[in-house]
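J.: Below is a structure I'd like to ask you about.
The values are calculated or read from the model by the stated rules, or taken from the named source; none is laboratory data. In this text the structure is predicted, and so the values were computed from the model without any measurement. Virtual Cβ from ideal backbone geometry, glycine too; neighbours counted across all protein chains shown.
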Amino acid sequence: MRKQTLWLVIILMPLTLLAQKRTSSPLEYLDRSFRIYDQLQKQIWSVPELGFLENKSSKMLQDHLREHGFKIETGVAGMPTSFVATYGSGNPVIGVSAEFDALPGLSQDTVPYRKPVEQGGNGHACGHNLLGTGAVAGAVAIKEWLVSEHRQGTLKVFGSPAEEGGGGKVYLARDGFYNGVDVVLDWHPGSTNAVDVGNGFTAVQMIDYTFHGKAAHAAGSPHKGRSALDGVEAMNYMVNMLREHIHFASRIHYVITNGGEAPNVVPEVATVSYYIRHPKREVLKALVAWVNQAAEGAALGTQTTVTKEIIAGFYEKLPNRKLAELIHKNLEIVGGVHYDDRERAFAEQMVEELGLKQTVLERVTAIQPLADERPSTGGGSTDVGDVSWNVPTITFGTAAFIPGSSAHSWHWAAAGGTTIGTKSLINAAKVFTLTAIDLYTNPALIDEVKKEFESRRGADFKYESLVGDRTPALDYRVKK
């Protein structure tokens, strides 16, 4: 009996090893392609392009996907830098989100101290160079698995521009590009490894208010003028007073983008740009109406006129616990980020610059527990929110940045352009791959995810974007 058992083990062992090799092959592809994706993310990092202007960055990602057999549809939903890349056919249909826009004024070299590459230039201070590359790397690995396993299914990469204020995904959602997609997988580089359950995101409305007055000599004939800047300042004053009486989770912030040309000329035109946020879009609508009244009152009191332009608007995120649990399981399988000696030295210098204890670096190797859902008390906004109300979507993060550093800072731009960022995106690509394999091989998981999705949305839900029927604000980052 022992001999029979031994022979059985010997016979089955090669089959087991073969099965392990087949299962792990897409992850092996990612490991051996580290240099390819390191180069790709650094190329995008080196040409930081603002929202709706990401011509080079978008093309790099498209070219890589095309080389790997994806069919590319470009310029979708009225956005020249957007694209949808498709591989395969039939069901299930899995989507992957890719972003690639940078931020203004945050140029930074890959050193652990402040050193702009270009003074006042753009920089990838939110890691979208990693985000887009990681999504594309994951998509190629998933495609490799579909081919090797002879699996039916469709894979789509949604290249969405201008997440930082322009809201490319809103237009993709409004124009129906997510229709027929079963699940969308999304990630964002961070300073820890964790699944986002939507606790810290808010709905937002972005509006530019432009006041129009009458120009005049500010000293010689001020009585003939009506200051558009007075209108802006009166509006801002009233908004600052109403803050006392709004829900504590609300956020209102603004910047005067045009206040006039010279002190001795009464400003004929002045513009203030507002971001208005709340965790629930129903409350947000009432808050926006109040801010609009402040603008109208300011115009009336200064004898100017005011026009408003909705630049963008995002939904809050719709959670999906089942999908979050699946992604968290795979994040634990992949594990955290591990520094080599050079990366460790870089990270230690930045931690010292931040005034933190070196022990914070332990966070990059750990996987954070899956958080409980709780009401949001305010925070940032993302156009992923709109996606999550159209198709089940969950975002996760891997440790691309130094713990204790802040988003939209030079610290993120510095770390994101190094191999620390590349290790993070490779881990993200592995999570994409394992999760897609789970969904393709077990359609019952998709059914459970969709059932929860429909229950949370409600039977009467109808998607209506917060931008109305406006066309994409393609010039919102262009200085006027």
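J.: When the residues of region 92-136 are narrowed to those that are surrounded by fewer than 22 Cβ atoms within 10 Å (Cβ to Cβ) and of a type in the set (Gly, Ala, Ser), which ends up farthest from residue 178 (Cα to Cα)?
T.: By that ranking, first place goes to 120.
J.: Would you mind telling me which numbered condition in (1) farther than 21 Å from residue 241 by Cβ; (2) modelled with pLDDT of 95 or more; (3) not assigned by TED's automatic domain parsing to the domain that holds residue 423 residue 344 fails?
T.: It is condition (3) that residue 344 fails.
J.: Given (1) touching a residue at least 24 places away in the same chain (Cβ under 8 Å); (2) assigned to a helix (DSSP H, G or I), identify the lone condition not met by residue 286.
T.: Exception for residue 286: condition (1).
J.: Could you say which residue among 417, 404, 380, 468 is within 26 Å of residue 322 (Cβ to Cβ) and in contact (Cβ under 8 Å) with a residue 24 or more places away in the chain?
T.: The unique qualifying residue is 380.
J.: Give the residue that is nearest to the chain's Cα centre (by Cα), with candidates limited to residues of region 381-404 that are β-branched (Val, Ile, Thr) and closer than 9 Å to residue 190 by Cα. Please lay out each step first, then the result.
T.: Our first condition is that a residue be β-branched (Val, Ile, Thr); within region 381-404, this holds for 382, 384, 387, 391, 393-395, 398, 402.
Narrowing further to those that are closer than 9 Å to residue 190 by Cα: 398, 402.
On the way: 398: 13, 402: 19 Å.
Across region 381-404, the extreme among qualifying residues is 398.
J.: To continue, here is another question. Residue pairs, Cβ under 7 Å, 6 or more apart or interchain, first in region 245-262 and within 17 Å of residue 207 (Cβ to Cβ), second assigned to a loop (DSSP other than H, G, I, E, B) and of a type in the set (Ser, Thr, Tyr). List them.
T.: Short answer, once both residue conditions are applied: 251/202.
J.: Please report, ordered by residue number, the helices (runs of 4 or more DSSP H) entirely within region 358-471 with at least 3 residues that are under 26 Å from residue 107 (Cβ atoms).
T.: The helices (runs of 4 or more DSSP H) meeting that bar are 410-416, 419-441.
J.: Within region 317-338, count every residue that is in contact with a Lys or Arg (Cβ under 6 Å, 6 or more places away or on another chain) and either of a type outside the set (A, V, I, L, M) or assigned to a helix (DSSP H, G or I) (or both).
T.: Going through region 317-338 one residue at a time, the tally reaches 1.
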